[in-house]
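Here's the structure, in structure tokens; my notes come after.
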Amino acid sequence: MFLIHCPYCGEREQSEFKAGGEAHIVRPKQPTELSDDQWAEYLFMRKNIKGVQFERWVHTHGCRKWFNMVRDTSNDEIKATYKMGEKPPTK
Amino acid sequence: MKNKYSIISLIKNSFSYHENWQKAWGDPEPKKEYDIIIIGGGGHGLATAYYLAKKHNIKNVAVIEKGWIGGGNTGRNTTIIRSNYLWDASAGLYDHALKIWEKLSQELNYNVMFSQRGVMNLAHNLQDVRDLKRRTHANRLNGIDAVYLNTDQVKKFCPIINTSPDIRYPVLGGTLQRRAGTARHDAVAWGYARGADEMGVDIIQNCEVKGIKRSGDSVEGVETTKGFIKTKKIGVVAAGHSSVIANMAGLRLPLESKPLQALVSEPVKPIIDTVVMSNAVHAYVSQSDKGELVIGAGTDDYVSYSQKGSHDIVEGTLNAILELYPIFSRMRMLRQWGGIVDICPDASPIISKTPIKGLYFNCGWGTGGFKATPGSGDLFAHTIANDEPHKLNAAFNLNRFVSGDLVDEHGAAAVAH
């Protein structure tokens, strides 16, 4: 179990949160014009990185707001959290 | 030629204090080139190499393993074997494996301790009851033994379950597959390794793959910590690290790697002679031959390669175990560990060719790959040898995520994800 810094509530226990998968996957602007390959890419294909990854999390048992996280998946170290719509930290 | 294991060889070796047993597999240096390289020396990878040599007569094969064989998810699972899956494609795949399991110890001359003690899946709410009845009917249409049990029959089959109606999630019924059971997971890896080694397969341990060399649309070889090895065909069976290997080849997979935990208790006298699984409250338990309770917990919901899971997942599972089996309330847990499982969006595996010529993937087994080990190896060997899938794994192609022809087994997978 690790502590997560919610950008709205501050540091809380991980059990209050749920992970929502890879972040910054943009919903297609013209869904009707996508090919099946592009749909598959959008819906299913994931980077699944071993190392530093950008993710979405939600503070389910708290403020219920979604936010983004930079986390090292090889050792579960959280590098940063930031609000939805904000640019990811460069370092 | 390997010496045959038998009661006679056991007696013979006891006279030399068991110090002169023949090595079960060698420790070769990699050759410059192989016909086929298998990345990943777990059960599935070793089985693939074994069947390539045995059924397809391709013996210039190497299995490359970054740690030691069977040290990943093969040695971390809860050893449950069953084939009661919902869809025809899955039923074909998993029952193919179960049929091989039934003869595996004899075939390998290695005791994998396959024990058909039955697997019972419990229903705790009306939807569970409907789903499990539907699955029982589907299983029987596919020739898989399955029966539906009511609460009294569940109690009769496994008397230590608390079937009182006033627990938080009462037991409303369950299904039973009697041909299902458990096996000793290490022995499966070791048995296949010994068999493959005997036929000339090189098992190369402590050798990590660092890159996949491509020329245009086909593969040329693998970069490893022991140097470059040339090959025209690569079979990747890297479980939780499948995406890592895929990224090396510039391929994307529909996988997420997540920690799945298990734990064992102190050993006690025989108390539960079957496997009981419960999807709804997420608890499953069996007893090992040493007497330990083997308990499977759930997956965490985040991507991780750390082989550690969250503590609250274990706590949730143990809460459910104690509600269902009050008799275990004073048991102490001895060990807890995590494995990294590669989960597909439809909870079914991928045994497939890829857009890159000579590159094959066997992945996405998620939380339930152990049961399929022999069948998976057999079908993957067929796919690599013929450059075409066998009819039993044709549905488990990578293209199903484009065509939409998914094989949704979230219900039968029995581990909520």
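Kindly establish whether residue B:364 is modelled with pLDDT under 95 and closer than 24 Å to residue B:300 by Cβ. Considered against the rule, which asks whether it is modelled with pLDDT under 95 and closer than 24 Å to residue B:300 by Cβ, residue B:364 comes out as no.
So that you can scan it fast, the table gives a plain yes or no per residue for (1) closer than 16 Å to residue B:258 by Cβ; (2) touching a Leu at 6+ places or on another chain (Cβ under 8 Å):
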residue	(1), (2)
A:9	no, no
A:14	yes, yes
A:19	yes, no
A:23	no, no
A:34	no, no
A:38	no, no
A:43	no, no
A:58	no, no
A:74	yes, no
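Screening residue A:39 against (1) open to solvent by less than 60 Å² (accessible area, probe 1.4 Å); (2) within 9 Å of chain B (Cβ to nearest Cβ); (3) outside any loop (DSSP other than H, G, I, E, B) leaves a single unmet condition, (1).
Residue check: residue B:164 meets all listed conditions (1) open to solvent by 90 Å² or more (accessible area, probe 1.4 Å); (2) in a loop (DSSP other than H, G, I, E, B) but one, namely (1). The condition of being within 14 Å of chain B (Cβ to nearest Cβ), without any contact (Cβ under 8 Å) to a residue 24 or more places away in the chain and not in a helix (DSSP H, G or I) holds for only one of A:12, A:71, A:56, A:27, that being A:71.
Taking the criterion of being surrounded by fewer than 16 Cβ atoms within 10 Å (Cβ to Cβ) and touching a strand residue (DSSP E or B) at 6+ places or on another chain (Cβ under 9 Å), the residues of the stretch B:324-346 that qualify are B:332, B:333, B:334, B:335, B:336, B:337. State whether the residues of the stretch B:370-381 include one that is within 14 Å of chain A (Cβ to nearest Cβ), of a type in the set (Val, Ile, Thr), assigned to a helix (DSSP H, G or I) and on the phi < 0 side of the Ramachandran plot. Looking for residues that are within 14 Å of chain A (Cβ to nearest Cβ), of a type in the set (Val, Ile, Thr), assigned to a helix (DSSP H, G or I) and on the phi < 0 side of the Ramachandran plot, one finds none in the stretch B:370-381, hence no.
Kindly evaluate residue A:51 against the criterion of being facing chain B (nearest Cβ under 9 Å), within 13 Å of the chain's Cα centre (by Cα) and not β-branched (Val, Ile, Thr).
no
Apart from one condition, residue B:411 fits all of (1) open to solvent by less than 20 Å² (accessible area, probe 1.4 Å); (2) over 24 Å from residue A:72 (Cα atoms); (3) out of contact with any Pro (no Cβ under 7 Å at 6 or more places or on another chain); the exception is (1). Of the residues that sit in the stretch A:27-52 and are among the hydrophobic types (A, V, I, L, M, F, W, C) and out of contact with any helix residue (DSSP H, G or I) (no Cβ under 6 Å at 6 or more places or on another chain), which one is nearest to residue B:243 (Cα to Cα)? Here the answer is A:49. Figure legend. Inter-residue proximity from the stretch B:385-412: first residues within 14 Å of chain A (Cβ to nearest Cβ), second residues surrounded by 14 or more Cβ atoms within 10 Å (Cβ to Cβ) and aromatic (Phe, Trp, Tyr), beta-carbon distance below 6 Å, spacing 6+ or different chains. Indicated pairs: B:401/A:44; B:407/B:87.
Considering the stretch B:301-323, and only residues there that are open to solvent by 70 Å² or more (accessible area, probe 1.4 Å) and either free of Cβ contacts under 8 Å to residues at least 12 places away in the same chain or part of a loop (DSSP other than H, G, I, E, B) (or both), the residue that is nearest to the other protein chains (Cβ to nearest Cβ) turns out to be B:311. Hey, any hits in the stretch B:119-134 for a residue that's at positive phi and part of a loop (DSSP other than H, G, I, E, B)? Within the stretch B:119-134 (the criterion being at positive phi and part of a loop (DSSP other than H, G, I, E, B)), the answer is no, since none of the residues qualifies.
Of all residues in the stretch B:168-184, those satisfying the criterion of being open to solvent by less than 20 Å² (accessible area, probe 1.4 Å) and either under 17 Å from residue B:327 (Cα atoms) or not in a loop (DSSP other than H, G, I, E, B) (or both) are B:171, B:173, B:174, B:175, B:176, B:177, B:181, B:182.
Has the stretch B:232-248 got any residue that is in contact (Cβ under 8 Å) with a residue 60 or more places away in the chain, open to solvent by less than 50 Å² (accessible area, probe 1.4 Å), part of a loop (DSSP other than H, G, I, E, B) and out of contact with any helix residue (DSSP H, G or I) (no Cβ under 6 Å at 6 or more places or on another chain)? Scanning the stretch B:232-248, I find no residue that is in contact (Cβ under 8 Å) with a residue 60 or more places away in the chain, open to solvent by less than 50 Å² (accessible area, probe 1.4 Å), part of a loop (DSSP other than H, G, I, E, B) and out of contact with any helix residue (DSSP H, G or I) (no Cβ under 6 Å at 6 or more places or on another chain), so the answer is no.
Here residue B:226 passes the criteria (1) under 19 Å from residue B:357 (Cα atoms); (2) in contact with a Cys (Cβ under 6 Å, 6 or more places away or on another chain); (3) not aromatic (Phe, Trp, Tyr) except the one numbered (1).
The values are calculated or read from the model by the stated rules, or taken from the named source; none is laboratory data. Everything quoted here is computed from the prediction, not taken from an experiment. Virtual Cβ from ideal backbone geometry, glycine too; neighbours counted across all protein chains shown. Each accessible area value is taken on the protein alone, full model and side chains, heavy atoms only, with ligands, DNA and RNA left out. Shrake-Rupley method; radii C 1.70, N 1.55, O 1.52, S 1.80 Å.
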